[in-house]
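Chemist: I'd like to ask some things about the structure below.
The values are calculated or read from the model by the stated rules, or taken from the named source; none is laboratory data. Source: prediction; values computed, not measured. Please note: Cβ atoms are built from the backbone with ideal geometry, for glycine as well, and neighbour counts cover all protein chains shown.
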Amino acid sequence: MRFTDKVAIVTGGASGIGLAVAKRLAHEGARIVLADYNQQNLDDATSQVKAAGAPDVLASLCNVAIEAQVEATVASALDKFGRLDVVVNNAGLMQFKPLEELTGDDWLRILNVDLLGAFYFTKQAFLHMKPGGAIVNVASIHAIETSPLVAPYAAAKAAMLSLTRSSSLEGKPKGIRTNAVLPGAIDTPMLWDNPNVKSGVEVIDKNDVGKPEDVAAIVAYLASDDAAFVQGAEVRVDGGRLNRL
């Protein structure tokens, strides 16, 4: 039980990859803070995470794009559990538009969630985590190779890798590790609702589609003491999809 007595915040934790991560950490003994903006999903996820083995679960309605709500979520976690050991920055937003149709507001909407949300939680972790803490950023293979119509998302995920590097440098003296995972095609609504996939612009081979649990396993490793000497890493979880020319 790698996370016995530890407390983990998972953003976007009420569905998809985030829920799989929360259940995996719960199964390994963690007390879980689910941060999500959808109350109904939070209610459903709370029961699932408890069933997965979490000793306790705190559901926090949180829009990660709003720093005050991030601060409130962390404060609630500290009030309830008295500590913070793991932060998984998973919350993400995607939009599909040609570059020439994008507005500044479109860009800010994506960046505020996908990048600044991770920054806000990283900031709180640096303020409140003790040595031995870990941050895991859920980026995307779009940070490396991308497809049409998702420029703000790809840019935000690329910037998230840069944030991971900066956080690993500044966190090391504090005893806090920061690493990133880069999921590929994962069997979630975000994949199948993707207009590029629906239209055939982006062709997905069924052999290239992973499960949320595949990502959760890597997140759990990076968040655990097993990865004590892993700092600033970027781990692809894409079934080798990017290896082909």
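Chemist: Six or more apart or on different chains, Cβ atoms under 6 Å: show the pairs whose first residue is in segment 31-50 and more than 18 Å from ALA223 (Cβ to Cβ) and whose second is among the hydroxyl-bearing types (Ser, Thr, Tyr).
Modeler: ASN41/SER15
Chemist: Right, another one. Are there any pairs with C-beta distances below 8 angstrom linking a residue in segment 188-209 that is farther than 17 Å from GLY92 by Cβ and at pLDDT below 70 to a residue that is of a type in the set (A, V, I, L, M, F, W, C) and surrounded by 15 or more Cβ atoms within 10 Å (Cβ to Cβ), with the two at least 6 apart or on different chains, and if so which?
Modeler: Filtered contacts from segment 188-209: VAL201/LEU149.
Every residue, every condition in (1) in contact with a Leu (Cβ under 9 Å, 6 or more places away or on another chain); (2) more than 27 Å from ALA59 (Cα to Cα); (3) exposed (fewer than 15 other Cβ atoms within 10 Å of the Cβ); (4) aliphatic (A, V, I, L, M), yes or no:
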| residue | (1), (2), (3), (4) |
| --- | --- |
| VAL74 | yes, no, no, yes |
| GLY82 | no, no, yes, no |
| LEU115 | yes, no, no, yes |
| GLN124 | yes, no, no, no |
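Chemist: Could you run through segment 11-36 and say how many residues are over 14 Å from the mean Cα position of the chain (by Cα), surrounded by fewer than 24 Cβ atoms within 10 Å (Cβ to Cβ) and assigned to a loop (DSSP other than H, G, I, E, B)?
Modeler: Total meeting the criteria: 2.
Chemist: State which residue is farthest from ASP105 (Cα to Cα) when the search covers only segment 125-139 and only residues that are within 13 Å of the chain's Cα centre (by Cα) and either outside any loop (DSSP other than H, G, I, E, B) or of a type in the set (Phe, Trp, Tyr) (or both).
Modeler: ALA134
Chemist: If you don't mind, there's one more thing I want to ask. For segment 157-180, indicate whether the set of residues that are within 25 Å of VAL209 (Cα to Cα), out of contact with any Phe, Trp or Tyr (no Cβ under 8 Å at 6 or more places or on another chain) and free of Cβ contacts under 8 Å to residues at least 40 places away in the same chain is non-empty.
Modeler: For segment 157-180, residues within 25 Å of VAL209 (Cα to Cα), out of contact with any Phe, Trp or Tyr (no Cβ under 8 Å at 6 or more places or on another chain) and free of Cβ contacts under 8 Å to residues at least 40 places away in the same chain: present.
Chemist: If I go through segment 140-156 residue by residue, how many of them are outside any helix (DSSP H, G or I) and crowded, with 20+ Cβ neighbours inside 10 Å?
Modeler: Final tally of qualifying residues: 3.
Chemist: Do we find that ARG244 is at pLDDT 95 or above and charged (D, E, K, R) in this structure? Please lay out each step first, then the result.
Modeler: Numbers: at pLDDT 95 or above: no; charged (D, E, K, R): yes.
No, not satisfied.
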